[in-house]
Amino acid sequence: MEAIIVLFTTGLISMFLGAFNKPKLVVLLAVLGLGFAAYVQHFPLHFLPEKYNLLSFEGNGNAFVGLALFLTAMVILAGFSYFKADEGHTGDFVSLLLFSVSGAVILVGFKDMFMFFLGVEILSIPLYVLVGSKKKNVLSSEAAIKYFFTGAFATSLMLFGIALIYGASGSFKLDEIYFGLQIAGYSPMLYVGVTMLLASMLFKVGAFPFHFWVADVYEGSPNIFMGYMASVVKLVMSFAFVKLFTGVFEGISPFWTDILAVSIVVSMFIGNLSALRQTRFKRLMAFSSITNSAYVLLAVLSNDPTNIKAIYVFLLGYGASVVAMVIISLMLDDESDELANYKGIGYKNPIVGIVATIALLSMAGIPPLTGFIGKVMLFSSVYENYLWLVGLALLNSAIGVYFYVRMIMNILSKDDTEIKTLSFDWLQYAALIICGVVVAGGWSIMACWH
Amino acid sequence: MELILIPLALGLISFLIPKKSIRIVGLLAGLIPAGVAIMHACSFKGGEVNLFGPWLDFGYGLTFHFSYDGLGLAMILLTNLLVPVILLSNYNSPVSESKAFHAMLFFMQCGLLGVFTSADGILFYVFWEFTLIPIFLIILWFGSGTNKGLLKFFVYTLFGSLGMLLSFIALGAQAESFDYADLIAVQLDSQFAFWIAMGFLLAFAIKIPLFPFHTWQPDTYSGAPMAGTMLLSALMLKMALFGMIKWMIPLTWEGLDDYKYIILILAVIGILYGGIIAIKQNDIKKIFAFSSISHLGLIVAGIVLFTHDALVGSTIQLINHSLLSIGVFMVAEILESRLKTRNIREMGGIAKLAPKFGFWFAVIAFTAVSIPFTAGFIGEFIILKEVTSFNFYVGIMSATTLVFGAVYMLRSYQVSMFGNPTLTSFEDLKWNEWLTFALLVGAMVFFGFYPKMITDLVGPSIDTILQTLK
């Protein structure tokens, strides 16, 4: 609760600070605010009476909030060159990101359907604006419109689902729904409601059959906000997904696991097979994010809430890798976004090369990087009931290696004709190195849990 | 633990050494791990030596545990002693002036040592995959092949490894943890064990490579720089053979009777196929690549019989093949770098122009056809004896490797070295080149006279493995 207040206040302050045209000040303040929010999240002050507290961060909630705040801080640092180019609006961008991340905190801690809905909306609405923030770019405006309309559609489905679930169980509170359903039994109304909720959640994480917006929206949005969507939004949405489905609707799991399994299989193949032929960076990231969403959903299938740790490790690796790649793309500052323009930049700038290699290999699932450990945990969590699914997921990992490694070969190419020069800024550079370290060694966080 | 950490540290330090002195510093640095390995060998008293752990139960059954037995120690010695030899053989080639090359070589060594010492399934897999990255970068930066071929190699081998990962996950779900002892203790029914073994086999068969999975090899070998080819054939594919002896067969012992025949048939096809294709090739690197398939088929046949003698023979042959492959690929590189062609039809009369090279190539060719008093003879003889006593016809077919070996080796020697000189000059061997040849041949002849050194090292460990299974 305190974290949300801190985030919101920081957002307001940075909005007004933006008027002074000092982007570095705004960025540093925002990062400090995020750090302070993480602090009060882990060491709460308890100044509100417990009965007014609508959020609870039991279990791994705090860890997820911490990760979301960390990734947001990295995104804000990463975006420094983008903010600097548009000094007058730095405050707006940063404050909208901070408002959005306070929605993310709600989405981790929600205890009832109201807060859940509130979290989803607070997370999404600033993003609709940010996606379209390149006002003069046609693609960006298109992406914003598309994202807004499809998002609104998903929201309406979600509301309808929540209403039907309320009708079936008689409550909005998660624990009361859980027990209410056991007493009242499972009515057809509930099934319809859960299906609608599932559809809207699949939309939010970008999985089949609601994946179609991902490529266009990612491509159109500025790189930095694409990074935010792929890392933070995916993280908290997956957490909410697990909380709702393995926690509350566990009783009817035979019903929704079948739908989910189909969605996972098709998403994996659509994402990977489409990514094979992409020539643009953001579209590649978009399709690979569809596949990675599908991997994350494996943990929902396993129907065991402890598998949230697997999601945590996996998305720690994935989120940090995405942010690292986004930083490199911002350093390159290339409007055309063609993958061919990345040629040789890693060989010329060794640090960039090392971090890019680590990030891409982690996404491809090569040990001993965080992405690999997360993948092993995800796959072993579903192994017992869905061996065929694990087999298909491994096959997809192998397909994914193709385009990730092709990109590494491109970046590390020794061929030194026409290498683009990178623009460096120490804030971005620091974020890049932090992300690289996290991707390489973040899995050791598992030791803290034991 | 210092076994694994020293190469890692050396790899990192290589980036700091000034470019002028990297060559000599790299060569001397390569001797440090070799010395450490020899110290380990001197203090080895048999049994299982625990290096580190089991430590840090991460949850999910992952442990952090390193140990080695006699077989592992033999592989450690092989790796650490061959790395300086590889550095020596590359001393005058352009790659040795690069910091990145030395760093990658040491990272590779670190990965290999990790594979040979890890006592946890997932740890084994981690190091197994880790070795792919340095070799990938060496081929990418210093190779002459196309990116497409390299990508094929990477995706192909990685795809196979994922089969192994699936097997480990499936096994680990039944065991208490991924620790070697726990995985061994799992009782499987034979059908399940069969499928687990197929997962392992996919990884190992691609890396070795066994017959239908070999298509990546000739292209990769001919496109890679000499150091890359040497690392691949002398050390990297030995990981797969080691994996079969240490991991695949003991873990899936219950299903061995079912899959034994599949592997044996593939191995024998590999022996015949590799030998026959090698006779018809004119590209010298491809001749050696296919001959490698043929030799390895025999080793795999020995391993899969899984008797004491067959395993000892396979280990001797495995070590011999490592030494031999460095020698033959060095010959190929000398010819290619000086003549700018790999086609043996365009060569001829080199023995007259470069007598030293002619002599050492002849010695290498003779060791390759396993004449008596070389390690190859001992190894092949023991394996063939075991294969023949298992099944006479399989034994006969496997024995053709000797005949084919003589044909393609002597043919490539004859066509390239004798005949009418078409060239006017051919630079003779440099000091590092003849020293490399002498070291390799010396080792092979030594083990040909005194194979007891290897059998004493690995024999007891193999007995232990066999006893725990029965």
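The values are calculated or read from the model by the stated rules, or taken from the named source; none is laboratory data. Computed from a predicted structure; not experimentally measured. Here the Cβ is made from the backbone with ideal geometry for all residues, glycine too, and neighbour counts use every protein chain on show.
Hey, among the residues in segment B:120-155 that are facing chain A (nearest Cβ under 9 Å) and of a type in the set (Phe, Trp, Tyr), which one's nearest to B:Ala197 (Cα to Cα)? The selected residue is B:Tyr125.
The residue of segment B:1-56 that is farthest from B:Asp463 (Cα to Cα), among those that are β-branched (Val, Ile, Thr) and touching a Leu at 6+ places or on another chain (Cβ under 8 Å), is B:Ile32. Condition test on B:Ala278, is it in contact with a helix residue (DSSP H, G or I) (Cβ under 6 Å, 6 or more places away or on another chain), touching a residue at least 12 places away in the same chain (Cβ under 8 Å) and more than 26 Å from B:Asn92 (Cα to Cα)? Answer is yes for this residue.
Filtering A:Leu392, A:Leu378 for residues that are within 11 Å of chain B (Cβ to nearest Cβ), surrounded by fewer than 19 Cβ atoms within 10 Å (Cβ to Cβ), of a type in the set (A, V, I, L, M, F, W, C) and in contact (Cβ under 8 Å) with a residue 12 or more places away in the chain leaves a single hit, A:Leu392.
Scanning segment B:350-369 for any residue that is farther than 26 Å from B:Val445 by Cβ, buried (at least 16 other Cβ atoms within 10 Å of the Cβ) and touching a residue at least 40 places away in the same chain (Cβ under 8 Å) turns up at least one such residue.
Somewhere in segment A:232-246, is a residue farther than 17 Å from A:Val296 by Cα and either touching a strand residue (DSSP E or B) at 6+ places or on another chain (Cβ under 6 Å) or among the hydrophobic types (A, V, I, L, M, F, W, C) (or both)?
no
So is B:Ile17 more than 14 Å from chain A (Cβ to nearest Cβ), farther than 24 Å from B:Ser314 by Cα, surrounded by fewer than 20 Cβ atoms within 10 Å (Cβ to Cβ) and touching a residue at least 60 places away in the same chain (Cβ under 8 Å) or not? In short, yes.
Just give me the residues in segment A:395-428 being more than 30 Å from B:Val95 (Cβ to Cβ), without any contact (Cβ under 8 Å) to a residue 60 or more places away in the chain and either β-branched (Val, Ile, Thr) or more than 10 Å from chain B (Cβ to nearest Cβ) (or both), in sequence order. Answer for segment A:395-428, where residues must be more than 30 Å from B:Val95 (Cβ to Cβ), without any contact (Cβ under 8 Å) to a residue 60 or more places away in the chain and either β-branched (Val, Ile, Thr) or more than 10 Å from chain B (Cβ to nearest Cβ) (or both): just A:Trp426. The residues in segment B:51-72 that are of a type in the set (A, V, I, L, M, F, W, C) and in a helix (DSSP H, G or I) can be counted, and the count is 1. Could you go through segment A:122-132 and let me know if any residue there is of a type in the set (Ser, Thr, Tyr), at pLDDT below 90 and assigned to a helix (DSSP H, G or I). Checking segment A:122-132: not a single residue is of a type in the set (Ser, Thr, Tyr), at pLDDT below 90 and assigned to a helix (DSSP H, G or I).
Applying the condition of being part of a helix (DSSP H, G or I), within 14 Å of another protein chain (Cβ to nearest Cβ) and of a type in the set (Gly, Ala, Ser) to segment B:73-104 and asking which residue is surrounded by the most Cβ atoms within 10 Å (Cβ to Cβ) yields B:Ala103. Looking across segment A:110-156 at every residue that is polar (S, T, N, Q) and within 30 Å of A:Phe249 (Cα to Cα), the one that is surrounded by the fewest Cβ atoms within 10 Å (Cβ to Cβ) is identified as A:Ser156. For B:Ile269, are the conditions met, namely being closer than 30 Å to B:Thr468 by Cβ, more than 13 Å from the chain's Cα centre (by Cα) and β-branched (Val, Ile, Thr)? Answer is no for this residue.
For A:Tyr347, the conditions (1) of a type in the set (Phe, Trp, Tyr); (2) at pLDDT below 85; (3) under 23 Å from A:Val232 (Cβ atoms) are fulfilled apart from (3). I'm trying to understand the selection: among the residues of segment B:105-160, which are charged (D, E, K, R), assigned to a helix (DSSP H, G or I) and in contact (Cβ under 8 Å) with a residue 40 or more places away in the chain? Within segment B:105-160, B:Lys152 is the sole residue that qualifies. List the residue pairs whose Cβ atoms are under 7 Å apart, where the first residue sits in segment A:345-369 and is closer than 25 Å to B:Tyr156 by Cα and more than 8 Å from chain B (Cβ to nearest Cβ), the second is of a type in the set (D, E, K, R) and crowded, with 23+ Cβ neighbours inside 10 Å, and the two are 6 or more positions apart or on different chains. Here the result reads A:Gly365/A:Lys375, each pair linking segment A:345-369 to a residue that is of a type in the set (D, E, K, R) and crowded, with 23+ Cβ neighbours inside 10 Å.
Tell me the residue from B:Gly30, B:Gly111 that is modelled with pLDDT of 90 or more and under 20 Å from the mean Cα position of the chain (by Cα), please.
On the way: B:Gly30 fails: modelled with pLDDT of 90 or more.
The match here is B:Gly111.
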